[in-house]
Amino acid sequence: MTDQTYQPTLSQLRAFVAVAEYRHFGTAAARLAVSQPTLSQALASLENGLGLQLIERSTRRVLVTAAGMRLLPQAMATLEAADRFVASATGDSLGGVLRLGIIPTVAPYVLPGLLPELRRKLPNLVPQVVEDQTARLLDGLRTGVLDVAVLALPSEAPGLVEIPLYSEEFVLVTPRGHELAGRTDLGAPVLADLPLLLLDEGHCLRDQTLELCRTAEVHPGSVGDTRAASLTTVVQCVAGGLGVTLIPEMAVPAETARGTLETARFADPAPGRTIGLAYRASSARADDYEYLAAVIRSKRPF
């Protein structure tokens, strides 16, 4: 039974949140810059004070209990409020740790320009970047493991606020010398019977590409025969003559720089996507995240 007079410390809450996030005591201790025994003691003190088991430990795995999952968002909110309190005292509302999720089809192209800009404009901010697929980023937002996430909109996830950052077109990437290379008047029906290479399941770009095909009532050839975890791998397969693919505008300079690929563009209105910043509607940092969105928007790579 919980002692009604018990008041957890911020260190105890940070230990709980870190173990819940990383599911590994050693990693959690390293991220908090404490020893593993100190971390374990802080978590045990929290559990004893609450009279609840928050984390299940075994020699092989670490699991968050049902009680832990229920209390995790509140623990995150408490830590967020404490960080915001300290930041307000120093006159820097966007300071401290910011857990930033970002999808793999955005991260390699936005982060090189964004991270230096964040250091310049928000020197007291400590970004912790988590690159992952959309579903897991949304789960991280819901559970409080992430503060914000950069992903394709709309996410259609309840309880989130979404700030549009920018829209971009999809570009068809072909091997050098392909019959479609260089064209700027493509229509979606051109995808019919093309050997279209896609990212693996779970990537939103894969879903968006297939939705484009469904909307245009076309049936690309060989979909699913070759799948990859990154755009770089997909375009290398294109360069090797395995097919063609669609990539977002921001990826074109980096992914076609080797000179072994060519591109073709769609006629207006070209298919594309909108990228945005999402955060929990319950967060009290709406103004901070609007400013963060403006910084991200200013450093888009196209």
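The values are calculated or read from the model by the stated rules, or taken from the named source; none is laboratory data. Predicted, not measured: the structure shown is a model, and the values here were computed from it. Backbone-built Cβ (ideal geometry, glycine too); neighbour counts: all protein chains shown. In case anyone asks, the SASA skips ligands and DNA or RNA and just uses the protein heavy atoms, side chains included. Shrake-Rupley method; radii C 1.70, N 1.55, O 1.52, S 1.80 Å.
Miscellaneous remarks
- Over segment 1-150, Cα pairs under 8 Å with separation of 6+ residues give a relative contact order of 21 percent.
- Each listed q (0.23 Å⁻¹) maps to a log10 I(q)/I(0) for segment 245-302, found by the Debye formula over equal Cα scatterers with no solvent: -0.99.
- Mean separation of Cα pairs under 8 Å and 6 or more residues apart, divided by the residue count, gives the chain a relative contact order of 20 percent.
- For segment 136-287: rounded, prolate or oblate by the Cα gyration tensor [a/c cutoff 1.5]: prolate
- The residue list Asn48, Gln4, Gln36 was ranked by how far each Cα lies along the charge dipole of segment 1-68 toward its positive end, using unit charges on Cβ atoms, and Gln36 comes out on top.
- A straight chain from Gln7 to Leu115 at 0.36 nm per residue would run longer than the Cα-Cα distance by 35.2 nm.
- Over segment 158-203, the hull volume per residue, using the convex hull of the C-alpha atoms, is 159 Å³.
- Heavy atoms of the protein chains alone define the surface here; on that basis the chain has 48 Å² accessible area per residue at 1.4 Å probe size.
- Each of Val171, Pro108, Ile275 was placed along the dipole of the chain (beta-carbon charges, centred on the mean Cα), and the one lying farthest toward the positive end is Pro108.
- Each semi-axis of the equivalent ellipsoid for the chain is √(5λ) with λ an eigenvalue of the Cα gyration tensor; in descending order they amount to 43, 21, 17 Å.
- The chain: most fluctuating residue of Leu94, Leu63, Leu125 per GNM, C-alpha cutoff 10 Å: Leu63
- Rg over Rh for segment 1-135 works out to 1.01, using Cα positions for both radii and the Kirkwood form for Rh.
- Within the accessible area of segment 161-282 (1.4 Å probe), percent carbon and sulfur: 48 percent
- Whole-number Å³ per residue for the convex hull built on Cα positions in segment 134-214: 132 Å³
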